[in-house]
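Every number in this text was worked out from the coordinates using simple rules, so none of it is lab data. Given the structure is predicted, the values throughout are model-derived calculations rather than measurements. Cβ atoms come from the backbone with ideal geometry, glycine included; neighbour counts cover every protein chain shown.
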Amino acid sequence: MDREDKSELIEKLEKGVLLRNFSGQLTYEINERRYDQYKPAKKKISKEFGLIPFGLTINGADEAFQTFLKGTKRIGIEWDVWSGLIFVAKNKQAEDLIQGIAAYCEVNEI
């Protein structure tokens with residue numbers, strides 16, 4: 001099956017990219033991240049931005065993800081073998097949070 005990438009590039013930054021995925025969600029992706037960097041990055045970002053975990057971390061052979069809340073904002077902190085570390089706005093209210101996370105990641109080591 002041919003899988004065409006239907007995401008829309010918003011902005012290419014130094015470390016990552018802001019884009020809209022096929023579902024229309026704003027995402028920030030850092031491609032060069034390994035699985036062993038997922039947990040420390042998730043911990044650092046959730047602490048820095050006051051995110052509350054919602055549900056369990058799902059760990060698969062080639063992906064991991066968990067949902068976080070901040071008020072009415074809902075985001076996913078995810079990792080997969082194709083995209084690396086991914087921050088996803090799960091609702092429109094969270095888009096500014098994703099932009100803030102992107103700005104933070106661009107100037108800080110995560």
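Counting only DSSP H runs of at least 4 residues, each contributing -39500 (n - 2.57), and dividing by the residue count of the chain, the helix-based mean residue ellipticity at 222 nm comes to -7000 deg cm²/dmol.
Simple rule: put +1 on each Lys or Arg Cβ and -1 on each Asp or Glu Cβ in the range 51-110, find the dipole, and look at 81, 53, 108; the Cα lying farthest toward the positive end is 53. Here the scattering of the range 8-107 is modelled by Debye summation over its C-alpha atoms, one equal scatterer each and no solvent; at q = 0.15, 0.21 Å⁻¹ the log10 of I(q)/I(0) is -0.52, -1.10.
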